[in-house]
Amino acid sequence: MTKVKLKPKWVDHSILTVDITRISCKDQTLLFVAAQQRDKKGALEYINSYKPQTEGQQLRILLHGPVGAGKSSFINSVQSVLKDKMCTPALAANTTQGCFTKQYSTYDIQKENPETSYPFVFNDTRGLSQHKSGLADDVKLALRGHVKDGYTFNPESKLSEGNEFYNKSPTVNDKVHVLVCIVPADTLFSMSDETVKKIRDIRLEASRLGIPQVAVLTRVEEACPEIKRDLKNVYRSINLKDKMEKFSVDVGIPMNCIFPVKNYHEEIDLSDDTDALILSALRRIIDYGEDFINRKTV
Ligand SMILES: Nc1nc2c(ncn2[C@@H]2O[C@H](COP(=O)(O)OP(=O)(O)OP(=O)(O)O)[C@@H](O)[C@H]2O)c(=O)[nH]1
Ligand SMILES: [Mg+2]
């Protein structure tokens, strides 16, 4: 009898031991789906009950990455999954051409009770373009909490201390606790050297500050036909794994800190497969941020 252990990456604490010689392909898929649903439930419970150890602490998650990578769509996707309905608080582009987000904006997510929000917020930034240098410097300033909400990025020059949007004395809550690099899987190999260098520079600055860094790989279904056919193939795709490994080497983010997702971008209804990937990424982002806060306060 051939026994295998099925441990999809998104099944966290559950290893399913099954006799694969006795079950059909259809049943294997059903098993996989059951494990995935259980994990989605676990991740949702974890995120819904998450409370920073420090009273009054808010976890600030800063998103950066190339133009059109899906930064705003990721914020919308997280909000959609947590609210269990399609949401678009962060305006996303309807094409991948040109840069859409121009302001530094903070997004919090309300819980069922409109009086309460999740104890984490997302900061959306303008996409890093190939030629302009100001943006990467602004993201570095944002890491230290120096950029106020509503600042309009100027790609030609960085935010100066005299500007009304420069926060001279950032509080612990203004500072960033997790840096998330959003990159598109389908055009990963064609990203310019300048953009890769900017991503690496921002990551190095975060490292100097001790801020944890993760990457979210979007548009995975556009990167591989097998994934487009079935999103469950995301962890079986050699093609995607190759892309993740190259990106990991290029920017220095370890493989276990790179999370593939498909954002909600044109769908009308939510899907368990899409939710599972988004929740898995969010859960890890929260974990890394919480570890950082606790390390800082001991
Ligand atoms: N197929 C697919 N399209 C996506 C995905 N995520 C985002 N998009 C699309 O990609 C385009 C850009 O998405 P945005 O979320 O606006 O990207 P952004 O990084 O915020 O872009 P800027 O603000 O211009 O830097 C939009 O047309 C989205 O609908 C994804 O996972 N899959
Ligand atoms: Mg945007």
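Ranked by the mean number of other Cβ atoms within 10 Å of their residues, highest first, the peptides 257-269, 224-236, 117-129, 61-73 come out as 61-73, 117-129, 257-269, 224-236. Let me know the shape class of the range 59-205, please: from the alpha-carbon gyration tensor, a ≥ b ≥ c as square roots of the eigenvalues, rounded when a/c is under 1.5, otherwise prolate if a/b is greater than b/c, or oblate. Oblate is the answer for the range 59-205, as a/c is 1.5 or above yet b/c matches or exceeds a/b. Residues in the range 272-289 near a label at T116, defined as backbone nitrogen under 15 Å from the 7 Å Cα→Cβ point? Counting backbone N atoms under 15 Å from the label point, the list is empty.
What is the dipole size for the range 70-188, taken about its Cα centre, with +1 at each Lys and Arg Cβ and -1 at each Asp and Glu Cβ, in debye to the nearest 20?
Numbers: 13 positive and 13 negative charges, 35 e Å.
That gives the range 70-188 a dipole magnitude of about 160 debye.
Sorting the segments 42-49, 241-248, 109-116, 213-220 by their residues' average number of neighbouring beta-carbon atoms within 10 angstrom, most packed first, yields 213-220, 241-248, 42-49, 109-116. The spacing between the range 259-274 and the range 143-159, judged by their C-alpha centroids, is 30 Å.
Note on L270 and S157: the model spin-label points, each 7 Å out from Cα along the C-beta direction, lie 4.6 nm apart. Kindly identify the range 194-298 as rounded, prolate or oblate by the Cα gyration tensor criterion: order the square roots of the eigenvalues as a ≥ b ≥ c, call it rounded if a/c is under 1.5, otherwise compare a/b with b/c, prolate if a/b is larger, else oblate. Verdict is oblate for the range 194-298.
Highest-first packing order for the peptide set 198-205, 249-256 is 198-205, 249-256, based on the mean count of other beta carbon atoms within 10 Å.
Rounded to the nearest Hz, the phi-derived 3J(HN,Hα) couplings of the range 244-260 under the Karplus curve 6.51 cos²θ - 1.76 cosθ + 1.60 (θ = phi - 60°) are 5, 5, 5, 4, 4, 5, 4, 10, x, 9, x, 4, 6, 10, 10, 10, x, where x marks glycine and proline. Among the listed pairs K40/K198; K111/K243; K158/K246; K85/K262; K111/K228; K40/K85, give every one whose C-alpha distance is greater than 25 Å. Going by Cα-Cα distance, K40/K198; K111/K243; K158/K246; K111/K228 fall outside the 25 Å limit.
Bear in mind these aren't lab numbers, they're just calculated from the coordinates by the rules spelled out. No experiment lies behind these values; they were computed from the predicted model shown. Note: ideal-geometry Cβ built from the backbone for every residue, glycine included; neighbour counts use all protein chains shown.
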